[in-house]
Amino acid sequence: MREKGKRSVSVIKDIDGNSIVIVNDIIFKGKRSISWDDVEIYLKSHVGEFYTIAETGDVIFYGDDLPDEYAHSNYTSSLKGAYAKAKANAAQGLGEMLEIAYNCSYKTNMKIKHKYDGGKGWYRYESRFALPVYGKDEDIERYNIYHVFMIIRHDINGKKYLYDIINIKKETSTPLSC
């Protein structure tokens, strides 16, 4: 894994002018499965960071609960193959994915267990990221683009925290070429 601050992530615009976070390195690999404990450790090193969503101006923090929820949620447990790999490696670009997030929706808190940590409700934003696809000679052939929903909890303390990303879908449009 790369050290904190040495991520290879950038934001570009597609031909329609929509932003995409490009994650240039695949740091979480596995032929059969992803080491979610490694993803959790990676995210723990970023707790306390914060990002501003350009569209709304909302400041979103990485809270103490993000690493565990991101790596061990029911949604994460259901992921297999390329989608598990996509979510694991998207961890490198979460901050930039927050910055380009769009289409905010709000939902009141419905669960007793989130009385405090989601006491002021939940926000859902859409975002996009891309991961490289390597050819036989280990050169990048193209990038696959994914669409996600970013779940933000609004704590009773008034701060907003990234909680998880869900509903990862590979876009069926033409992938980015190199």
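A short reminder: the numbers here are calculations on the coordinates, not readings from a lab. None of these values were measured; they are calculated from a predicted model. Here the Cβ is made from the backbone with ideal geometry for all residues, glycine too, and neighbour counts use every protein chain on show.
Some observations on this one:
- Sites listed here are trypsin sites (Lys or Arg not before Pro) in the range 14-53 whose DSSP assignment is loop and whose Cβ has at most 12 other Cβ atoms within 10 Å: LYS29, LYS31, ARG32.
- Semi-axis lengths, Å, the range 1-87, gyration tensor of Cα atoms, sqrt of 5 times eigenvalues: 23, 18, 14
- Mean-square fluctuations from a GNM of the chain, with a 10 angstrom spring cutoff on Cα atoms, peak among THR52, THR108, THR76 at THR108.
- Per residue, the Cα convex hull of the chain amounts to 119 Å³.
- Principal-axis analysis of the Cα atoms of the chain puts helix 81-90 at an angle of about 70° to the longest axis.
- GLU171 sits among other residues whose Cβ lies under 14 Å from its own Cβ, and their net charge, with Lys and Arg +1 and Asp and Glu -1, is +1.
- For TYR163, the residues whose modelled amide H falls within less than 5 Å of its own, excluding neighbours fewer than 5 places apart on the same chain, are ILE151, ILE152, ARG153.
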